[in-house]
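Report on the following structure.
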Amino acid sequence: MSRTAQHSLDPDLLECLLDVTDPEIGLSVVDLGLVYRATRDESGIDVELTLTARSCPLGEMLMEQARERLAERFRDVSRIGIGLVWNPPWKPDLISDHGRELLGLKTKEVA
């Protein structure tokens, strides 16, 4: 993930989104690497998610779960924007090391 992308991921928002789980895979959207942007400022919260495949029928459900979790945790925020994006396309190497461990996969090699 690029330095710019990392700056677009608010750690408090990511912690909250750990509760949003893809029921088919059993991992959070964070561990799957589906959260491309999660920012918060005086105007509200903005999150951009992707899915593992365009044909995934769970997009609306995951977006609604994300909105609900964020609204529960950040009650003083007046606006929560959740968007579904397709660029860049998701690929399995976006799965976090923690997610890879939970799936029984090898962790990524650090270059």
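The values are calculated or read from the model by the stated rules, or taken from the named source; none is laboratory data. The model shown is predicted, which means the values in this text are computed figures rather than measured ones. Please note: Cβ atoms are built from the backbone with ideal geometry, for glycine as well, and neighbour counts cover all protein chains shown.
Restricting attention to the range 1-27, the residues that are assigned to a loop (DSSP other than H, G, I, E, B), loosely packed, with under 14 Cβ neighbours inside 10 Å and modelled with pLDDT of 95 or more total 0.
Here's the yes/no breakdown for (1) free of Cβ contacts under 8 Å to residues at least 12 places away in the same chain; (2) touching a Pro at 6+ places or on another chain (Cβ under 8 Å); (3) buried (at least 16 other Cβ atoms within 10 Å of the Cβ):
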| site | (1), (2), (3) |
| --- | --- |
| LEU70 | no, no, yes |
| ARG73 | no, no, no |
| ASP76 | yes, no, no |
| ILE80 | no, no, yes |
| TRP86 | no, no, no |
| ASP97 | yes, no, no |
| GLY104 | yes, no, no |
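Pairs are defined by a Cβ separation below 7 Å, a sequence spacing of at least 6 or placement on different chains, a first member in the range 35-61 that is more than 13 Å from LEU17 (Cβ to Cβ), and a second member that is crowded, with 16+ Cβ neighbours inside 10 Å and acidic (Asp, Glu); the pairs so defined are LEU58/ASP22. Against the test of being under 22 Å from PRO11 (Cα atoms) and either in contact with a Cys (Cβ under 6 Å, 6 or more places away or on another chain) or surrounded by 13 or more Cβ atoms within 10 Å (Cβ to Cβ) (or both), the options LEU51, LEU58 yield a single qualifying residue, LEU51.
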